[in-house]
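For reference, the structure is listed below as C-alpha cells.
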Amino acid sequence: ILAYRLEIFNTRLLMIRERNFAGANKFEHGFETDRVTGVYSKKYLIESANEILKNTNELDPCGIAVIDVDDFKKINDEMGNDKGDDVLRALGQVLQGVIDEDTIVGRYGGDTFVIVFENGLKEENFEVLNQIRKDFSKKKFSFMKDTATISGGYAWFDVTMDLESALKEAEAALSNAKKSGKNMIMTNIS
C-alpha cells in the first residue's frame with residue numbers, strides 16, 4: 001500500500017511540474033510576442049536589436065526600418081480601437097511573413113513597427129520593405145472604403161551602432177516618406 005501511495009504521489013508531482021513548466025513557457029512566450037499583432041514584443045525587439053547592432057561592422061552590416069500605418073489615429077478615432085486593432089492584426093500577418101533567422105520584426109508601440117535586417121543586402125532589404133507595403137495595401141477591411149497603407153523609413157549601418165541612434169536615422173527617413181505623400185518607403189542611403 002505504501003509503494004502504491006508513493007507512486008500516486010510521484011505521478012501527481014510530475015503532473016504539477018509539467019503544468020508549471022507549460023505555464024512558464026506560455027508566460028515567457030507572452031513577453032516575446034505582441035498579443036495583437038503576433039510579431040515580437042518591444043522588450044524582445046530592443047534586446048535583440050541591441051545585440052545585433054553592437055556586433056555590426058563591414059562584414060556584418062545591419063538594416064533598420066521603422067514603419068507605421070498612415071493616418072492610423074483617424075482610423076482609431078472614426079472607427080474605434082477594435083477596428084484599429086483589426087488593421088494592426090492584418091499588418092502583423094504581413095510582417096510575420098518576413099521573419100526569418102536574419103530578420104526580426106517587433107511592435108515598437110501603437111502602430112509603429114521596427115524591422116531589423118541582420119546581414120543581407122541593403123537593396124534586397126529595401127525591396128522586402130516595398131513588398132510589405134504593397135502586400136498590406138491589398139488588404140481589404142469591411143469597415144473602410146479605402147485601403148489602409150503604410151509608410152516606412154530605412155537606414156543601413158556597417159559600423160557599431162546603438163539602437164537609439166539607428167532608430168533616429170530610420171525615423172528621419174519615415175518622416176520624409178510621410179511629408180512626401182505617404183504610402184512609400186524612404187531611405188537614408190544615397
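The values are calculated or read from the model by the stated rules, or taken from the named source; none is laboratory data. Quick caveat: nothing in here was measured; it's all calculated off a predicted structure. As a convention, Cβ positions derive from the backbone with ideal geometry for all residues, glycine included, and neighbour counts pool all protein chains shown. These area figures cover heavy atoms from the full protein model, side chains too; ligands, DNA and RNA do not enter into them. Shrake-Rupley method; radii C 1.70, N 1.55, O 1.52, S 1.80 Å.
Points to keep in mind about this one:
- 10 Å Cβ shell holding at most 12 others, DSSP loop, GluC sites (Glu not before Pro): longest site-free stretch of the chain: 102-190
- Where a label projected 7 Å from the Cα of K54 along Cα→Cβ would reach, residues of the range 149-165 with amide N under 20 Å: 157-165
- Hydrodynamic radius by Kirkwood, which averages 1/r over all alpha carbon pairs of the range 34-129, in angstrom: 14.0
- Computed extension gain for E127 through M144, at 0.36 nm per residue and net of the alpha carbon distance, reaches 3.4 nm.
- Label assignment, percent of Cα pairs over 30 Å apart derived from the structure, set (i) 21; (ii) 30; (iii) 26: (ii)
- Solvent-accessible heavy-atom area per residue, rounded to whole Å², over the chain at 1.4 Å: 59
- Scalar couplings 3J(HN,Hα) for the range 55-64, obtained by applying the Karplus form with A = 6.51, B = -1.76, C = 1.60 to θ = phi - 60°, are 9, 6, 7, 4, 7, 10, x, 8, x, 10 Hz; x denotes Gly and Pro.
- Between E47 and A3, residue separation times 0.36 nm minus the direct Cα-Cα distance comes to 10.9 nm.
- Set K43/K179; K42/K140; K74/K145; K73/K138; K42/K168; K43/K74 screened for pairs whose C-alpha atoms are more than 25 Å apart: K43/K179; K42/K140; K43/K74
- Cα pair distances in the range 114-190, grouped into 5 Å bins until the bin that holds the longest one, percent each: 3, 15, 24, 23, 16, 10, 5, 3, 1, 0
- The chymotrypsin sites (Phe, Trp or Tyr not before Pro) found in the range 111-190 that occupy coil by DSSP, while having at most 15 further C-beta atoms within 10 Å, are F141, F143.
- Legend: calculated FRET efficiency, E78 to D162, from the Cβ-Cβ distance at R0 = 30 Å, rounded to 0.05, equals 0.20.
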